[in-house]
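Asks: Below is the structure I would like to discuss, written out as structure tokens.
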Amino acid sequence: MKAIQVHEQGGPEVLRYDEVPVPVPGPGEVLIRVHAAGINPPDWYMRAGLSEIPGDATARLRLPAIPGTDVSGVVATAAGPFAAGDPVFGMVRFPSLRGGGYAEYITAPVTDLARKPAGISHVQAAGAPMAALTAWQYLIALGHDAPNPFQSFPHRPVPLGPGMTVLVNGAAGGVGHIAVQLARWRGARVVAVASGGHEAFLRSLGADEFVDYTRGEIAVRDVDVVLDTVGGPGAGRLLRTVKRGGAVFPVFPGEYDAAEVASRGVTVSGTQVRSSGAQLAEVGRLLEAGTVAVGIDSTFPLAEAARAHGRAARGHLRGKIVLTV
């Protein structure tokens, strides 16, 4: 089969289009003929130099390796509840660097998979898993009791409902645009923060208020929950938007002054997304109903994975980048 492999870590140019053996499924696994593979930050971190993901109990990265965790395709060899010919999607073996999704075939534990919603394409389904599961496990239900590699206490989502306000920073990206829709589904008022060109897109997804961060301070106040998909040195400014007793959930590490966090009475909590076919099945029902939609920034053929990673490096994504296989 054809697959993208990393033989040495570096820029997008290290992604090689190779001929490799078709993998053999182990116990409790299916073989999937991949139709599309989603691209996520851990993919380019692995390509660039990451050798182990926090929270992964497996061995460090061994090269050559096939990147990718998010796939949508058709079962080729059956196992568990899935028969040959079943369309499925999933985030495979995360957290680990052993996904193998940038390929014509992939093996996957049946527990990592859900049936692909009939009403969406393989491209849309491949764009969903990591983004949707991250938003779900931060905002709706953690769904596992694995130790949190980023803090000493477990992450606990805040029950969302009418009368609450959720601010999503980096709202146009993969996790952000799904989080906007999940918060709206739960009845919360949603403030979407992104650059100005994304306003129409985010309002179409249900954002009640839009803030263009390029125009200065985020002047919103009394927010119940902030989901910050950006992080970094400027993250601390988001504390000013949160009411006492509220929460900031950083998807990527941010800099927060501990004294300010304590004085404002705010909880700062993060976690590590983990594969879950059961949760993805719940997301699938929302995708099937049209309650949640997956925005597609761009698509590239599998052989052009380097170009897809180049697009990711330019940033300002609107939804997901997907490889067609």
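Readers should treat all values here as calculations from the given coordinates under stated rules, not as data from a laboratory. This is a predicted model, so every value here is computed, not measured. Using ideal geometry, Cβ is built from the backbone for each residue, glycine included, and neighbour counts are taken over all protein chains shown.
Asks: By DSSP, what percent of the beta bridges with both residues in the chain are antiparallel, rounded to the nearest 5?
Replies: 55
Asks: Go through the stretch 90-98 residue by residue and turn each phi into a ³J(HN,Hα) via Karplus (6.51, -1.76, 1.60, θ = phi - 60°); whole Hz please, and just put x for glycine and proline.
Replies: Listing the rounded values in order: x, 9, 9, 6, 9, x, 6, 10, 10 Hz.
Asks: Among 66-74, 283-291, how do they line up by average Cβ neighbours within 10 Å per residue, starting with the highest?
Replies: Per-residue Cβ counts within 10 Å, averaged per peptide and sorted highest first, yield 66-74, 283-291.
Asks: Below 10 angstrom from the Cβ of residue 198, what's the summed charge of the other residues (Lys, Arg +1; Asp, Glu -1)?
Replies: 0
Asks: Same structure, new question: Specify whether the C-alpha gyration tensor of the stretch 157-268 places it in the rounded, prolate or oblate class, a ≥ b ≥ c being the square roots of the eigenvalues: rounded for a/c under 1.5, otherwise prolate if a/b is larger than b/c and oblate if not.
Replies: Note, shape of the stretch 157-268 comes out oblate.
Asks: Non-local amide H neighbours of residue 248 (under 5 Å, H modeled in plane, Pro and chain starts lacking H): which ones?
Replies: Amide H neighbours of residue 248, under 5 Å, 5+ apart: 226, 267, 268, 269.
Asks: Of 186, 314, 237, which has the largest mean-square fluctuation in a 10 Å C-alpha GNM of the chain?
Replies: Largest GNM mean-square fluctuation: 314.
Asks: Just to be sure I understand: with springs between alpha-carbon atoms less than 10 Å apart, which residue in 82, 210, 153 has the highest mean-square fluctuation in the Gaussian network model of the chain?
Replies: Result for the chain, Cα springs under 10 Å: 153 fluctuates most.
Asks: If packing is taken as the average number of other Cβ atoms within 10 Å across a peptide's residues, how do 228-235, 192-199 rank, most packed first?
Replies: Going from most to least packed, we get 192-199, 228-235.
Asks: When 89, 249 are ordered from fewest to most other Cβ atoms inside 10 Å of their Cβ, what list results?
Replies: Final ranking by Cβ density, sparse to dense: 249, 89.
Asks: Right, another one. Hey, for a label at residue 8 modelled as a point 7 Å past Cα toward Cβ, could you say which residues of the stretch 60-85 have their backbone N under 14 Å away?
Replies: Under cut-off, by backbone N: 63-64.
Asks: If the reach is capped at under 24 angstrom between alpha carbons, list the lysines near residue 116, excluding any in the same chain fewer than eight residues apart.
Replies: 2, 320
Asks: Normalising by the residue count of the chain, find the relative contact order in percent from Cα pairs under 8 Å and 6+ residues apart.
Replies: 19
Asks: Now for a separate question. Taking the Cα-to-Cβ direction at residue 285 and at residue 303 and moving 7 Å from each Cα, how far apart do the two end points lie in nm?
Replies: 4.3
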